[in-house]
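The values are calculated or read from the model by the stated rules, or taken from the named source; none is laboratory data. Quick caveat, the model's predicted, so the values are computed rather than measured. Glycine also receives a Cβ, built like all others from the backbone with ideal geometry; neighbour counts cover every protein chain displayed. Heavy atoms of the whole protein, side chains included, go into the accessibility calculation; ligands, DNA and RNA do not. Shrake-Rupley method; radii C 1.70, N 1.55, O 1.52, S 1.80 Å.
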Amino acid sequence: MKFLGLLFLALSYSSLLAQDVPSTRNLMQDSLLTSFTEQVNPWAGLDINGNLHGICEPQLAVGDNGGVNATQLSPSVAVGDLNGDGLLDLVLADPMGFIWYFPNSGTATQPKFTTGEVMSVWLGAPVIKETDRESNDVRENVTSKYVPRIQLVDFDGDGRLDLVVGTFQGKLFYIRNSGTSTQPKFETPNDLNQLKSIPLRTDGRLDCNYLSPFLYDFTGSGRLDLVRGDGTYSANSIFLFTNKGTNSDPMFNETDQVKIIPGMGRELLTPIVVDWNNDGKPDILAGERTGQIEFFPNTSPDKDHLTFGEGQPIKIGNQTKFGQFTTVAALTNKANVPDLIYTNDTGQIFLAHNTGMPGAPSFAAPAQPIKGGPNPYPKILVSNTWSFGNSPLHHGVNEGSPYGVPYEILEVVNAEREPGFAPPDGVAWKNALEYKLVDHNNIYFPESFYPKTDEDRQKHAIGYGGRLPLVSETQYQVSFWVKATGVHDLTYGFGGEQRSKNPGADYSPGHTIDIVNSFSPGSSWSRVSDTISWATTSEKKHDTSNFGFGIKFEGQGSLYIADVEVHQIP
């Protein structure tokens, strides 16, 4: 929330002194925080049923009608032995950009993936802010969204599996495993501007979006070539980029690119390489937007003349479609009879057991969601009207947390849910919002990642999901209870588009007003109580507005907010 031109903001700030609240109705719905739902704590990587699950949020994608809409996309999966126990572990990248590690504690034929850990890896680009030429609004460029697609592969030949990632923007990243054969370690720089991607064009431009990479030595040169799927609308094909560099310094560009599988109407193709029919040649399996997983047989006469046959839908149980936006990985540690792991737009991860023979895969039974657990975290109460960000979404975890920061949560607490919690004497409310860092005990990735971004993105944002019908040329009483430790630079504020109540009145659609006040809570409960007022400098009065309300702060610690009230002063 920032001050914008052409608006005169007259603020009367009464610091932390309590004042009598006017008798008009409270414009904040559910100020006592009695509207909430019980949900699973998402930071174990499990859903309410104990199935493996990343944190999901709608991102932009082309839909059935050809339009671009906010759509629930799938996670991406990769398998490989990261801890040296001979079992294939699972790595999951969710649409929010978090990359999870699930160790396999089962067997080669009966894998079991337990509690997940968030890796200290973040590949979201710094947010690009653009100014709209018509409204002069400053907006975020949606191409900074994440949706990573991943592969585990020994990129540099040191015997450790590295991480290859493709992003929404069409960037390709290689993250080296600098750990040991039993203790993986992946790191990215705190300053996201220092991230270096592997270019796919000689002119440095991006080649596609929703880049889905898979590295494999197709040419027999000892160098890993790139198989690339993408989500570029109307141009969805699978390409092969021949590596003209080395594995430690690959060189991919359009001069060594060939289309190996035409899109033919398919969208958001997510390919992997596996010898599916056991003929000694690498085939391709690919998930796609409509939920199919297709097998493209390698029909090449030799490695210098690469050709693939038409796609053949894979049937699992009696199904050939498995949700939408499927991604797939093959569990190949059984003797030439690979099982399949796939994901879809539900955010779940499914395991399909191959009951066929080498060269003749068969999946007689439907795939089942992969169970995990136990969940080390108790369930939480999530407010129906407040969340990180501007609306109550996804377990109280949203973009109100600085991008790339895991293990933060916003929940409703009271004396029954939290030992030692006590409201101040004499108040009527019993519940409060609490922001906190979840106490986690990671074995493989103990360090959390906190990216250095621009000033505004360092802040946390707690947003009220409703809208307030504030009236111009009017004073309001704002009050709430608060206590905090370990956080700083706290502000609360109102912001939104200002509209006239008169039909046909002249107003600019981007005409906004913002009010921001600072406050400094202590470790004990105190009450913030302010009087706010404003007036526009426009000759035409804009009498009614629908405003949002939010609280921002920096740092990690604990913050409690309770009994937020906004009253019009008669």
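Of these, R223, R160, R205, which one is open to solvent by 60 Å² or more (accessible area, probe 1.4 Å), without any contact (Cβ under 8 Å) to a residue 40 or more places away in the chain, in contact with an Asp or Glu (Cβ under 9 Å, 6 or more places away or on another chain) and part of a loop (DSSP other than H, G, I, E, B)? Give the steps one after another, and end with the answer.
Details: R160 fails: open to solvent by 60 Å² or more (accessible area, probe 1.4 Å); R205 fails: in contact with an Asp or Glu (Cβ under 9 Å, 6 or more places away or on another chain).
Of the residues listed, the single one that is open to solvent by 60 Å² or more (accessible area, probe 1.4 Å), without any contact (Cβ under 8 Å) to a residue 40 or more places away in the chain, in contact with an Asp or Glu (Cβ under 9 Å, 6 or more places away or on another chain) and part of a loop (DSSP other than H, G, I, E, B) is R223.
Does segment 346-360 hold any residues that are open to solvent by 30 Å² or more (accessible area, probe 1.4 Å), closer than 20 Å to K321 by Cβ and β-branched (V, I, T), and which are they?
Hit for segment 346-360 is T346, nothing else.
Can you name the number of the only condition in (1) modelled with pLDDT of 90 or more; (2) buried (at least 19 other Cβ atoms within 10 Å of the Cβ); (3) part of a loop (DSSP other than H, G, I, E, B) that E416 fails?
(2)
Quick one: is L331 touching a residue at least 60 places away in the same chain (Cβ under 8 Å), open to solvent by 10 Å² or more (accessible area, probe 1.4 Å) and hydrophobic (A, V, I, L, M, F, W, C)? Please lay out each step first, then the result.
Numbers: touching a residue at least 60 places away in the same chain (Cβ under 8 Å): yes; open to solvent by 10 Å² or more (accessible area, probe 1.4 Å): no; hydrophobic (A, V, I, L, M, F, W, C): yes.
Considered against the rule, which asks whether it is touching a residue at least 60 places away in the same chain (Cβ under 8 Å), open to solvent by 10 Å² or more (accessible area, probe 1.4 Å) and hydrophobic (A, V, I, L, M, F, W, C), L331 comes out as no.
Considering (1) over 19 Å from P148 (Cα atoms); (2) open to solvent by 10 Å² or more (accessible area, probe 1.4 Å); (3) modelled with pLDDT under 90, say which one K244 fails and leave the rest.
(3)
Working only within segment 59-78, note down all residues that are open to solvent by less than 50 Å² (accessible area, probe 1.4 Å) and farther than 18 Å from W100 by Cβ. Break it down stepwise before answering.
Residues of segment 59-78 open to solvent by less than 50 Å² (accessible area, probe 1.4 Å): 59, 61-63, 66-67, 71, 73-78.
Passing the criteria: A61, V62, G63, G66, G67, T71.
Looking only at residues in segment 361-381 that are touching a residue at least 60 places away in the same chain (Cβ under 8 Å) and more than 30 Å from N414 (Cα to Cα), which one is least open to solvent (accessible area, probe 1.4 Å)?
I370
In this structure, does N177 turn out to be open to solvent by 20 Å² or more (accessible area, probe 1.4 Å) and either of a type outside the set (D, E) or modelled with pLDDT of 90 or more (or both)?
Values: open to solvent by 20 Å² or more (accessible area, probe 1.4 Å): no; either of a type outside the set (D, E) or modelled with pLDDT of 90 or more (or both): yes.
Criteria not met by N177.
So which of T320, T290, T343 is under 21 Å from the mean Cα position of the chain (by Cα), open to solvent by less than 60 Å² (accessible area, probe 1.4 Å) and not basic (K, R)? Outline the logic, then answer.
On the way: T320 fails: under 21 Å from the mean Cα position of the chain (by Cα); T290 fails: under 21 Å from the mean Cα position of the chain (by Cα).
T343 is the lone residue from the list that is under 21 Å from the mean Cα position of the chain (by Cα), open to solvent by less than 60 Å² (accessible area, probe 1.4 Å) and not basic (K, R).
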